[in-house]
């Protein structure tokens, strides 16, 4: 069966970073027949994308985009730039153009973008994919292949189905989740572990000062695995923590309760309850290996 | 140069678990010329060790051990059994026999054992090595090769130097650290990360209940790496948390302070200080890769 990519004919990718660039590369590889255009502040990135044949043409000014040919806009810049870009794009888009994004935080921002773009339809999406590298120059054509893409909507429409088809034809596994539940989930399984890893390394810096020795000379017992994610980009994570603030703070509070519970059991030398807590965590963690 | 293994001629390994068994295997491989005897509650383990030629002979009763031939006793049972075993052994040992151990907690227990064995000398040691497996049947001859062995003493004596030589000839890298500093270090770099990992999984169990979904279906962003150590043995870790109680509680408190600091910066949307904290953690973590 021929792929339809949601019947979109002209796509504008806003932001030729790793995700935007990889999306252009994936469309080319998977046989998208329409036109792909790019927008970026950097002329260098546009040049790279044009040279590799990933985009038909790139622009640094939204006024120059051939808007009559665009029926899908993909926001692939940092989440905090979405609102400003949306207000700019809004002036140019066709009445039927669909807007989507690849941001990792949804909830409030989806609500805001829906309002800005109305009566055009904004369909939020979050591909669970990435590498540590940045920029179109590091784009990977199979970045989204067999990876989850979460479409954050409350009800299906013709346009949300088109965005679903678009990602399925790229090779992703689409899942539909409410925008706020999406933020709760990722606050718990991704943002919380990052917060904990950053805090853990911070506490070891302070404990080192206290003892007058460099504790980082004794990394054992899974410590390296455990703190690997503390080497993630401070700018990216500062943004994520602030954009998903309320869900992140809630998950940190829940974690603090669990740690306080564990601490109390150690203080009271409550062997029975201690074994119970450790065993439950162990079983749950082992179930992930399957 | 011929290896001396600290000039010990007859060694009794108390506890034929993974560490005790691997020590017997390493002695054989590295060419120890003296006799190695074993003690264990399990006749099966003794049989395995005898069959593999790892020990001269094994015993389930301390009364049967040929004490006149023993000049080094290595305690390789769980730390919480040390005190009881020490009081039993004390009745039998020669006036010059040296006692050492392979336990992962030092401070108070070293003090207690020194007192019990006096005037015999107890020299605490902690090989930083292990696998997830248990028992002499899973023993590994190179378990201690190029691994750190921490000798926890406050001053060198003839006997501590002999124990140092013993481990060096097995192929380990010996480091000398005060017993209480040892516990502070491992509370920070090993016990704290384990406590945090167990608490993290516990909080995700609770957050799953709150949301009515299974958050463990969305493990992304380093989460698997991060919580791997939460699959460690509950019994072993219950013991470690309790035996190193005061240092563990102190490190948890320090970690909680760091997490509270991070939480406050997110709450106040203090971008500058947030970037600073994340960057410092990142740089420290990256320095480990070298």
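The values are calculated or read from the model by the stated rules, or taken from the named source; none is laboratory data. Remember, it's a predicted structure, so these values are computed and weren't measured experimentally. Every residue, glycine among them, receives a Cβ derived from its backbone with ideal geometry; neighbour counts consider all protein chains shown.
For the reader, a short list of remarks on this structure follows.
- Breaking point among (1) within 7 Å of chain A (Cβ to nearest Cβ); (2) closer than 26 Å to residue A:271 by Cα; (3) under 31 Å from the mean Cα position of the chain (by Cα), for residue B:206: (3)
- Residue B:267 facing chain A (nearest Cβ under 7 Å) and surrounded by fewer than 19 Cβ atoms within 10 Å (Cβ to Cβ): yes
- Per the listing B:228, B:285, the residue uniquely assigned to a helix (DSSP H, G or I), within 23 Å of residue A:236 (Cα to Cα) and within 7 Å of chain A (Cβ to nearest Cβ) is B:285.
Each row is one residue, and each column tells you yes or no for (1) within 13 Å of the chain's Cα centre (by Cα); (2) touching a residue at least 12 places away in the same chain (Cβ under 8 Å); (3) over 18 Å from residue A:15 (Cβ atoms).
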{"site": "A:111", "(1), (2), (3)": "no, yes, yes"}
{"site": "A:120", "(1), (2), (3)": "no, yes, yes"}
{"site": "A:131", "(1), (2), (3)": "yes, yes, no"}
{"site": "A:135", "(1), (2), (3)": "no, yes, no"}
{"site": "A:142", "(1), (2), (3)": "no, yes, yes"}
{"site": "A:148", "(1), (2), (3)": "yes, yes, yes"}
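- For the stretch A:151-186, a residue qualifies if it is under 14 Å from the mean Cα position of the chain (by Cα) and closer than 23 Å to residue A:119 by Cα, and the qualifying residues are A:151, A:152, A:179.
- Filtered by the rule that a residue be at pLDDT below 95 and crowded, with 17+ Cβ neighbours inside 10 Å, the stretch B:151-174 gives a lone residue, B:153.
- Check on residue A:185, under 20 Å from residue A:75 (Cα atoms) and facing another protein chain (nearest Cβ under 9 Å): no
- Count of the stretch A:256-282 residues which are over 18 Å from residue B:206 (Cα atoms) and in a helix (DSSP H, G or I): 4
- Residue in the stretch B:241-255 that is surrounded by fewer than 16 Cβ atoms within 10 Å (Cβ to Cβ) and over 22 Å from residue A:200 (Cα atoms) present: no
- Among residues of the stretch A:158-176, those that are under 18 Å from residue A:143 (Cβ atoms), in a strand (DSSP E or B) and in contact with a helix residue (DSSP H, G or I) (Cβ under 9 Å, 6 or more places away or on another chain), counted: 2
A quick yes/no check of all residues on (1) over 16 Å from residue A:102 (Cα atoms); (2) in contact with a helix residue (DSSP H, G or I) (Cβ under 7 Å, 6 or more places away or on another chain):
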residue: A:4; (1), (2): yes, yes
residue: A:8; (1), (2): yes, yes
residue: A:16; (1), (2): no, yes
residue: A:32; (1), (2): yes, yes
residue: A:44; (1), (2): yes, no
residue: A:54; (1), (2): yes, yes
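- If the condition is being free of Cβ contacts under 8 Å to residues at least 12 places away in the same chain and touching a strand residue (DSSP E or B) at 6+ places or on another chain (Cβ under 9 Å), then the stretch B:164-200 contributes B:168, B:181, B:185.
- Residues satisfying the stated conditions in the stretch A:234-251, i.e. at pLDDT below 90 and at the interface with another protein chain (Cβ under 8 Å from one of its Cβ atoms): A:235
- Filtering A:215, A:278, A:288 for residues that are within 24 Å of residue B:216 (Cα to Cα) and modelled with pLDDT of 90 or more leaves a single hit, A:278.
- For the stretch B:1-120, no helices (runs of 4 or more DSSP H) sit wholly inside it while including 3 or more residues that are out of contact with any strand residue (DSSP E or B) (no Cβ under 6 Å at 6 or more places or on another chain), at positive phi and in the same structural domain as residue B:247 (by TED's automatic domain parsing).
- Evaluation of residue A:278 against the conditions (1) surrounded by fewer than 18 Cβ atoms within 10 Å (Cβ to Cβ); (2) at the interface with chain B (Cβ under 8 Å from one of its Cβ atoms); (3) over 16 Å from residue B:262 (Cα atoms) shows that the sole unmet condition is (1).
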